[in-house]
Each structure stands twice: as structure tokens, then as C-alpha cells.
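J.: Have a look at the structure that comes next, please.
Readers should treat all values here as calculations from the given coordinates under stated rules, not as data from a laboratory. Everything numeric in this text was worked out from a predicted model, so none of it was measured. Note: ideal-geometry Cβ built from the backbone for every residue, glycine included; neighbour counts use all protein chains shown.
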Ligand code: F3S
């Protein structure tokens, strides 16, 4: 049902030959990350050494995982590829669209009532194209992946940034945009810049109140939110071996918060224990046979400075529990005295109103069991929680087993709300306030990964602090940010002073995992007869129509907007309430470029229409051009399209009739996304030509009919007074990307090739 042991054995069968070859080609011992990368090359066996942080390399991932919010557009696009089935094992997980409000049963019913069309669509597409489908309530994508699909030495991609969680089971697992997932599902290679390598040597041993979460909170402090960018973080050393597999998952999960490409750990006993406990003894047996290939060469860990681009040392025996925040996950503060001082001097509210345990970061059986040991003490010692308590188990398997073992009942006795096995408050799906914008200043503590303003409850005044589940439980019970469970006493119902003892818990359930109905739907073997369910009048879903090729003649194109300064994918396709329309290209297109600053008036969403001479919103102006069949051009500054890999930022302008985006420089992923959608992503040959562009300009692409690799294009920019400038623009299209342009999109080309 769940995993594909034959696929895993195939990966292992070729691993030795590929890794040995990579070792001889590079002429050095290999890190684990390199072993996984070199054994997943699209071209098979390695034939050359790649330069870290420089070379772009085509890979062949083993799996794809999609969550419900991002899966909508990914699957709509995949449907365009004309393939009968996905090319690699793929799963879809319904976890983001479920609000936390009243408790699991009522909240799940509400989600099924309000988002049934999205769930039904995802279920029917999954069934048709051979994709495993995890129903709402089945669990959070990354917990379910860890329990069912992750395997040591594997490579996977997922349409969610915390896909990296699977590094806890020794994978190279990377979060990507929908367009990348579509490529892999359609049988195309997946391109990645060969990452740099950061080694984290863990010595000592965790004890007392310190947990794996504190390791990553410490790493976040050291590297900051940008420090891992473009790198794979590899953890090793005796401290790594001493931690549980799900604890390793927690550490890898929050690698996303330091910007790392991914994080991973070498295969060890904790992973073997976890594989066997989750009913995958055959994977453990197969992994044991290639054990040496599932961790770095001994020489690497003996002299890490020689083989990693950066090495960080953390002694777990000296590490104490941390609280990171507010508003950023890298602002680290030790629990107790340091937090007391910092909270006082920064005026952070000392009273804690909520303690939330869950999210893909910390929702394992071990997490719940350790936090419940603190909750149990509160009951035993006559304490009531001062803050409210909310729990989101990571999966139905975790929930069912935790309930069987009495863990959830302990929280419930403390009046905790047990929410659905889903993301809930972690993604803002938390009905905490009726008017979050005007809600009061307050503090909350949670075991999640992100704590940006408004992330959990929409209230810009909520100060969210990230901590381990056990510290979250202790602080919720105390109701104070400055509480130090290692030193401070609490007054119980009888007026007595009591202290909390150190947390205890089980790494894995002593009686084994159990689940009655895990929420998984296996796709039918032949999906050709499965009908895809999309209502004609749906405002959230719309089947895609293939883009028509722009063609070899572009004249009379009008300027839509000359964007000034930073223009990220969020400026191009805003998130927030617009996420509701992720699966409806036309509806979401009403947010196109509404965050971009117009260079001529420095306002957002206010541009001049050359049709009327009037100023209006960008989408309305563009729709008017489209109605007249007039092509348009977007001009941008440096690093245009930075931020995320959101494919909507390319699809929307394309859908609305923009033919070219001409900028000083691109964020590479967005540039590729524009190419995939069959439009022109161009850069000024002379950056200063940006200054030549005026508000009423018209663009003639003089030699677009000679579009060829490495040949700059010429554009005539005609100004209002009839004068014109002829400018050169560069591009990075290779021959096959020009084919995407000629066919209207990469998917059109795939479809043509499959026909
Ligand atoms: Fe969900 Fe939050 Fe993880 S949104 S996937 S629980 S980061």
C-alpha cells in the first residue's frame, strides 16, 4: 500500500556503483549528501565532478509529495501533460485546509463542508493518475511521509518547504514549487544547483529539559534565517546517533527556517528502529545491506573541515532549552533568566495565553508522550494550566496510538483542545479571533517552526515563541514566558509550592503503533475511466486551457507596469486571502502584480492605461488590453521574482496576456517558471536601459523570429512623442526552452511528445 519496496531496492542496487564512481571522479571521500546526490543523477552513473554552489545539475528524484493547497495548481498542470499516470510514486495530502476551532470532529466536518470541492478534485485526479491520496484528517504531510515513505539514501521533492523533514530518515528531501513537481511527475529531470555543504558536528548527549528542537533552535541562532541558503546541512557525530529518528526529523524540518536546501542525517540504529516500528522491516533490511553508502565516508566525519564548506560544533551536554522569537525563528533566548531580562526590556507580554503542540515539526508520538509527562505532573501535583492548550497530532496513526496509550486523555484532563491531525494554527487556520487585525498584544508559545507576525492567528500583535513540546507544555501550565521549569516553583490548588520534574517519554510506542482507518486511498490500477470533478461555476477550481504560443512576431506591445525596486513573487501573486483561489487561474489573476510599485508614481496597483489614459488597478488595466488583443510587457528591477517558487507568479501574467518580462536581473527560479509557461523572460543588456522606459511606451520585438540560444534580442522602444530607442536584451533560453516558447509552454511540448 504505502511504500514501494521494489523502487527502494532499485535505488540501493545502483547506489554502490554510482557512489564508488563519484568517489573516484571527485578524488575524495564523500559526505552523505554527495552520495545521495551523485546516486540520483538524471543521466545515471556520474561522469564528472560538480562544483558545489555553481553547477546546475539534473536529478531524478524517487518520490513526489504534494499538500492540498499547492497540489491544486500542480495537478491542474500535470493534467495538461497528457500522461496516463505519474512517472514517479507521488502522494497528495489534505492537511492545510482544515481550521482549528472547536476540536477535531467538528473542525474536520467543517473543512469537509467548506472545501469538499477541492478535496474531491484532488481525490479524483489522484485516483486517475495513480497518485496515493491521504484524506483530510489523515495527518500532516511530513509526518505521514516520515511514517510511510521516507527511506535512507532516497531523494524526494515536495510542494511544501518543510518536505525537508524527511531528512530525519536519511533522505535528501527538498521543498519545491508546483512547476518542478509537475516536471518530475511528468517524467522530466529536476534541476538543482549542486548545493554547498554545511556539517554540524553534535557531541555530548541531550538530557533533562533539552530536546532535539533545541538543537535546531541553536543552529538557527548561529546561522540565522539566511545562513543555510543554497546548502545541505549534514548532522553527524555521537550526539546525532543518540537522538531518535523523529527528533532528527524535527531538526531537519526547521532547516527550512535557516534557508537550507535540505538537511540530513546518516543511517543509524534510531532510523532502523523507526522503520521497524512503522511496519517497514523490509526497508530496514534493505538499508542494512548498503549501510556504508547511507552515511558519509569515515574520513569525512573525522576531518569535516576538509570536506564541508562550513562546520558548526554543538555540544548537546551543554545545550539548554531555548525559546526562539518573537516574529522570527532565529532570535534565540535561553529559558529562564535570559528570557526574563529580554522580555522585560523588549516589553514582550509576560503572560502566555496559549500553548500549542503540533505541526509537522513536533507532532510525533515521542513529542506527545514527552509533553504529556509534563501535563500528567500538573494533574498529579494539583496544578491547572494558566494558558489554554491546543494539540494537533501529526497523523491518525500517532493520534490513534496516543489515544490508546492514554496520552491524549492526559491533555484533555487539563482542558486541552485536541484539534484535527492537520496543520491548523501553524498555517493560520486558527479561528482564534473574529477580528484578528484589532486583537490585543499577547504572547503564545508553540512547538511549530514559523513564528512570523500573523502566521498563526492573523493578529499582528501576537508574540509567538517557538519551543520544544515539553517546554511549551511547561510554559502553558505556568502561563508565563519567564518561567524556568528547572528552577521555578508553581503554587498548586492547595497553596503549596511544587516543581515540575524533567520530562520523560517513549521514543516509540511500547505496544507498537496502531491505527484503525489511516485515511489513505490507493488509486485504481487503471484510471482511464475516472472522471475529474470540477464544477463549472466553481470559484476555487478551474481546469486549465493550454496556452497558445506567443509566436514569432510581437509588435505594438504596451507597457503594463515598470516595477520599481523589490518585486518578489508575493508582489506578483499575493498570498493571504488569495490562496483560496490557487486552483482557479482566472480568479487568482485578479491579484496579478498588485504588490508591485509603479516606477512612475511609486504607488502599488495603480498604473496608466494607454487605452484610456486613465489610472487603474494592474489586473483591470491588463484585462482591458487582453480584451483588445494587445500584448503587454512588464519591466522590472534587480532580482525580479525572488521569494518563492510559486508558479502562479508566472502563470497569471501569461494567462492575462503579458508576453515578456524585461528586467535588470531575475531570481533564477522565477525566470525558469516564465520559460516553462512559454513567455519571454529577458534581461537588459545595458542595465541603464531600464531608465529609458517611459510610461506610454510601445515595444516592437524586431528579431523575435530569429530567437536562438545565446543570441540577444533587439527591441524597439517607441515613446509617446514618436521618438524611439533600440535596445538589446539578453536571455538564457537553451534550444529546448526555445521549443517551450514555440509550443506555448513546456507542458504543451510534453503533451505533443506524448501524442
Ligand atoms: Fe503544515 Fe505548518 Fe508544516 S503549515 S506542513 S504544519 S509548517
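J.: If r is the Cβ-Cβ distance from residue 313 to residue 120 and R0 is 56 Å, what FRET efficiency results, to the nearest 0.05? Don't skip to the end; give the middle numbers.
T.: Values: r = 51 Å, r/R0 = 0.91.
About 0.65, to the nearest 0.05.
J.: Kindly rank 705-713, 169-177, 735-743 from highest to lowest mean number of other beta carbons found within 10 Å of each residue.
T.: Details: 705-713: 13.0, 169-177: 27.3, 735-743: 16.8.
Final packing ranking: 169-177, 735-743, 705-713.
J.: When Rg is the radius of gyration of the Cα atoms in the chain and Rh is its Kirkwood radius, what does Rg/Rh come to? Mind showing how you got there, number by number?
T.: On the way: Rg = 26.4 Å, Rh = 26.9 Å.
Answer for the chain: 0.98.
J.: Still on this model: For every helix of n ≥ 4 consecutive DSSP H residues, a contribution of -39,500 (n - 2.57) applies; sum these over the chain, divide by its total residues, and give [θ] at 222 nm rounded to the nearest 500 deg cm²/dmol.
T.: Values: 26 runs with 239 residues, N = 755.
So the calculated ellipticity at 222 nm is -9000 deg cm²/dmol.
J.: Moving on. Using a basic spin-label model with each label point 7 Å from the Cα along Cα→Cβ, how many nm lie between residue 403 and residue 489?
T.: Distance between the two pseudo-spin positions: 4.0 nm.
J.: Over the Cα atoms of region 5-318, Rg to Rh with Kirkwood Rh, two decimal places?
T.: Values: Rg = 19.2 Å, Rh = 19.8 Å.
Taking Rg over the Kirkwood Rh, I get 0.97.
J.: In addition: When the scattering of region 137-232 is computed by the Debye formula from its Cα atoms alone, each counted once and equally, what is log10 I(q)/I(0) at q = 0.13, 0.18, 0.22, 0.24 Å⁻¹?
T.: -0.57, -1.04, -1.36, -1.44
J.: Tell me, what is the FRET efficiency for residue 553 and residue 9 to the nearest 0.05, using R0 = 45 angstrom and their Cβ-Cβ distance as r? It would help to have the intermediate numbers written out before the result.
T.: Details: r = 53 Å, r/R0 = 1.19.
With a Förster radius of 45 Å, E is 0.25.
J.: Using 0.36 nm times the number of residues separating residue 620 and residue 20, minus their current alpha carbon distance, what extension gain do you get?
T.: Numbers: separation 600, 0.36 × 600 = 216.00 nm, distance 5.82 nm.
Extending this stretch completely gives an extra 210.2 nm.
J.: Rounded if a/c is under 1.5, else prolate if a/b beats b/c, else oblate: with a ≥ b ≥ c from the C-alpha gyration tensor eigenvalues square-rooted, which is region 589-675?
T.: Working: a/c = 1.92, a/b = 1.43, b/c = 1.34.
Cα axes put region 589-675 in the prolate bin.
J.: Shifting gears a bit: Going by alpha carbons, how many degrees (0 to 90, nearest 10) lie between the helix axis of 68-78 and the longest principal axis of the chain?
T.: Tilt relative to the chain: about 40 degrees.
J.: If you take the beta carbon distance between residue 516 and residue 454 as r and set R0 to 30 Å, what does 1/(1 + (r/R0)^6) give as a FRET efficiency, to the nearest 0.05?
T.: Computed FRET efficiency for residue 516 and residue 454: 0.20.
J.: Work out how much length residue 415 to residue 710 would gain on full extension: take 0.36 nm times their residue separation and subtract the Cα-Cα distance, in nm to one decimal.
T.: On the way: separation 295, 0.36 × 295 = 106.20 nm, distance 6.55 nm.
Result: 99.6 nm gained on full extension.
J.: Now, a different point. Take every DSSP beta bridge whose two residues both sit in the chain, then give the antiparallel share in percent to the nearest 5.
T.: On the way: 36 of 97 bridges.
If we restrict to bridges inside the chain, about 35 percent are antiparallel.
J.: Also, quick follow-up: In nm, to one decimal, how far is the modelled label at residue 87 from the one at residue 226, with both set 7 Å along Cα→Cβ?
T.: Calculated label separation equals 3.6 nm.
J.: With a 10 Å radius around each residue's Cβ, average the other Cβ atoms per peptide and rank 554-560, 141-147, 263-269, highest first. Write out the running numbers ahead of the final one.
T.: Values: 554-560: 19.4, 141-147: 30.7, 263-269: 24.6.
Those peptides, ordered most packed to least, come out 141-147, 263-269, 554-560.
J.: Taking a ≥ b ≥ c as the square roots of the Cα gyration tensor eigenvalues, with a/c under 1.5 meaning rounded and otherwise prolate when a/b beats b/c, else oblate, which class fits region 554-754? Mind showing how you got there, number by number?
T.: Working: a/c = 1.44, a/b = 1.03, b/c = 1.40.
It is rounded, given that a/c, with a ≥ b ≥ c, falls under 1.5.
J.: Ranked highest first by the average count of other Cβ atoms within 10 Å around their residues, in what order do 600-607, 585-592 fall? Display every interim value, and only then the final one.
T.: Values: 600-607: 16.6, 585-592: 21.1.
Highest to lowest by the protection proxy: 585-592, 600-607.
J.: Does anything in region 436-454 have its amide N under 16 Å from the 7 Å Cα→Cβ label point of residue 461, and if so which residues?
T.: Those under the cut-off are 436-444, 453-454.
J.: What is the helix-to-structure angle for 116-129, meaning the angle in degrees between its Cα long axis and the longest Cα principal axis of the chain, kept from 0 to 90 and rounded to the nearest 10?
T.: 80 degrees
J.: Still on this structure, please answer the following. Could you work out the Kirkwood radius for region 339-497, taking every pair of different alpha carbons, averaging 1/r and inverting it, reported in Å? Write down the numbers at each step before the final one.
T.: On the way: mean 1/r = 0.0637 Å⁻¹.
By the Kirkwood definition, the hydrodynamic radius is 15.7 Å.
J.: Between residue 602 and residue 728, what length comes free when the chain is fully extended (0.36 nm per residue of separation minus the Cα-Cα distance, one decimal in nm)? Could you put the intermediate results ahead of the total?
T.: On the way: separation 126, 0.36 × 126 = 45.36 nm, distance 2.64 nm.
Stretched out fully, the residue 602 to residue 728 stretch lengthens by 42.7 nm.
J.: Another question about this same structure. For helix 618-627, what angle does its Cα long axis make with the longest principal axis of the chain, in degrees from 0 to 90 and rounded to 10?
T.: 40 degrees
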